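Trainee: Before we start, here is the structure in question, set down as structure tokens.
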Amino acid sequence: MASQAGRSPAARFADFRERVARTRVLVVGDVMLDRYWFGEVERISPEAPVPVVKIARSEERPGGAANVARNAAALGASLTLLSVTGADEPGMALEHLLANDRVRTLFHRDPTVATTVKLRVIGRQQQLLRIDFETAPSRAVLAAKLADYDRLLADTDVVVLSDYGKGGLAHIGAMIERARAAGKPVLVDPKGWDWTKYRGATLITPNRGEFREIVGRWRDERDMEAKAKTLLQDLDIEALLVTRSEEGMSLYTAKSAEHIPAVAREVFDVSGAGDTVIATLGVLIGAGADFSSAVRIANAAAGVVVGKLGTAVVTPDELD
């Protein structure tokens, strides 16, 4: 596992920039293509009480685990993304977009599924509608992906598992176990009710709502800390980072609890902020940063990315 350097409360990304450039990150998880249709709303439809949007332009961006990978690459790390897509146009579009973002992709194309697409319609700078297209991958393709995962581990400094609940991480328990046996730190962005599958991970990064679904409500900060530390022990996890939106972030380990206030910025769009957080944590922990320093820098990165539209990235210059 990457060494944990001494805690530095005033840590800056610049302190780790050279080491990040030598860090090899393996991202595994559910990828998707985020499509945006931008237009003007000038009237209400005569067919139903809904706005009519006249589309003026469109954009495509990598989403899900693909957004995690491009965020990590934007910070200067060497990236490999392992995932499953359909044998279709959105899958090809993802590969092309990620190649431009310096992400090496290893996609298993499953002809029986469609690549996950999230289509957002934007009018007057507001999201009016989202349409999702998705299908779970086949067992045969997932088994082949696990074999590639084993092969890639040897040349990896840190593993990031991005679980969006789309079926691409059916073998996540085995992935965590094999990475830890190989001495690699494993970070997980969790999804769903069953967190036992994340047992043995180095760090998990639920948001406030996801954490509440697992541990229940808490009376105060002390009660929240107790619930967090019980979860750490039950799942044999080294650290837990709860992202709390406007309340900042809370980092828990077996011996400590630390609250990091949110960076005060104008919030334009929170979609993809969790991807930026775990990507920043991944490259820094892979580069040898301690949990506290990595979280503080990730908090700053989140403060930058929420000021941008849609799934976006943060650059080193925006953090230095």
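Every residue, every condition in (1) open to solvent by 20 Å² or more (accessible area, probe 1.4 Å); (2) in contact with a strand residue (DSSP E or B) (Cβ under 8 Å, 6 or more places away or on another chain); (3) under 27 Å from Val304 (Cβ atoms); (4) among the basic types (Lys, Arg), yes or no:
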residue	(1), (2), (3), (4)
Ala201	no, yes, yes, no
Gly209	yes, no, yes, no
Arg212	yes, no, yes, yes
Trp218	yes, no, no, no
Glu221	yes, yes, yes, no
Glu246	yes, no, yes, no
Lys255	yes, no, no, yes
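Trainee: Tell me, which residue of the stretch 111-144 that is assigned to a strand (DSSP E or B) and of a type in the set (S, T, N, Q) is farthest from Ile172 (Cα to Cα)?
Mentor: That would be Gln126.
Trainee: Do you know which residues across the stretch 220-243 are in contact with a Gly (Cβ under 8 Å, 6 or more places away or on another chain) and not hydrophobic (A, V, I, L, M, F, W, C)?
Mentor: Lys227, Asp236, Thr243
Trainee: Taking the stretch 210-233 only, how many residues are more than 18 Å from Leu251 (Cβ to Cβ) and out of contact with any helix residue (DSSP H, G or I) (no Cβ under 8 Å at 6 or more places or on another chain)?
Mentor: Qualifying residue count, the stretch 210-233: 3.
Trainee: If Pro62 satisfies every condition in (1) within 19 Å of Glu95 (Cβ to Cβ); (2) in contact with a helix residue (DSSP H, G or I) (Cβ under 6 Å, 6 or more places away or on another chain); (3) open to solvent by 10 Å² or more (accessible area, probe 1.4 Å) but one, which is the exception?
Mentor: (3)
Trainee: Another question, then. State yes or no: is Leu142 surrounded by fewer than 22 Cβ atoms within 10 Å (Cβ to Cβ) and closer than 30 Å to Ala182 by Cβ?
Mentor: The answer is yes for Leu142.
Trainee: Okay, moving on. Which one is most open to solvent (accessible area, probe 1.4 Å), of the residues in the stretch 66-91 that are more than 10 Å from Leu33 (Cα to Cα) and assigned to a helix (DSSP H, G or I)?
Mentor: Ranking the candidates gives Glu89 first.
Trainee: Give Ala174, Ala147 a once-over and let me know the one that is part of a helix (DSSP H, G or I), open to solvent by 50 Å² or more (accessible area, probe 1.4 Å) and over 22 Å from Phe291 (Cα atoms).
Mentor: One residue alone meets the criteria, Ala147.
Trainee: Separate question: Quick check on my filter: what residues within the stretch 125-160 are out of contact with any strand residue (DSSP E or B) (no Cβ under 9 Å at 6 or more places or on another chain) and basic (Lys, Arg)?
Mentor: Correct list: Arg139, Arg151.
Trainee: In the stretch 94-112, what count of residues is obtained for those that are open to solvent by 70 Å² or more (accessible area, probe 1.4 Å) and within 18 Å of Ala147 (Cβ to Cβ)?
Mentor: Matching residues across the stretch 94-112 total 2.
Trainee: Something else about it: Taking only pairs six or more apart or across chains, which ones have beta-carbon atoms under 9 Å, a first residue in the stretch 2-23 that is more than 15 Å from Ile297 (Cα to Cα) and hydrophobic (A, V, I, L, M, F, W, C), and a second residue that is open to solvent by 50 Å² or more (accessible area, probe 1.4 Å) and modelled with pLDDT of 80 or more?
Mentor: Ala21/Ser78
This table checks each residue for (1) within 23 Å of Ala69 (Cβ to Cβ); (2) modelled with pLDDT of 90 or more.
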position: Asp189; (1), (2): yes, yes
position: Gly192; (1), (2): yes, no
position: Thr196; (1), (2): no, yes
position: Pro206; (1), (2): yes, yes
position: Gly209; (1), (2): no, yes
position: Asp223; (1), (2): no, yes
position: Lys227; (1), (2): no, yes
position: Asp234; (1), (2): no, yes
position: Val242; (1), (2): no, yes
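Conditions tested, residue by residue: (1) part of a helix (DSSP H, G or I); (2) open to solvent by 10 Å² or more (accessible area, probe 1.4 Å); (3) basic (Lys, Arg); (4) at pLDDT below 90.
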residue: Ala262; (1), (2), (3), (4): no, yes, no, yes
residue: Asp269; (1), (2), (3), (4): no, yes, no, yes
residue: Gly274; (1), (2), (3), (4): yes, yes, no, yes
residue: Ile285; (1), (2), (3), (4): yes, no, no, no
residue: Val295; (1), (2), (3), (4): yes, no, no, no
residue: Asn299; (1), (2), (3), (4): yes, yes, no, no
residue: Val304; (1), (2), (3), (4): yes, yes, no, yes
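Trainee: Can you tell which of Ile131, Ile214, Ile176 is of a type in the set (A, V, I, L, M, F, W, C) and under 30 Å from Val52 (Cα atoms)?
Mentor: Within the list Ile131, Ile214, Ile176, the selection yields Ile131.
Trainee: Are there any pairs, at least 6 apart or on different chains, whose C-beta atoms fall under 9 Å, with the first in the stretch 141-153 and hydroxyl-bearing (Ser, Thr, Tyr) and the second in a helix (DSSP H, G or I), and if so, which?
Mentor: Correct list of pairs: Tyr149/Ala174; Tyr149/Met175; Tyr149/Arg178; Tyr149/Ala179.
The values are calculated or read from the model by the stated rules, or taken from the named source; none is laboratory data. In this text the structure is predicted, and so the values were computed from the model without any measurement. Positions of Cβ are backbone-derived with ideal geometry, glycine not excepted, and every protein chain shown enters the neighbour counts. These accessible areas exclude ligands, DNA and RNA; they are computed on the full protein's heavy atoms, side chains included. Shrake-Rupley method; radii C 1.70, N 1.55, O 1.52, S 1.80 Å.
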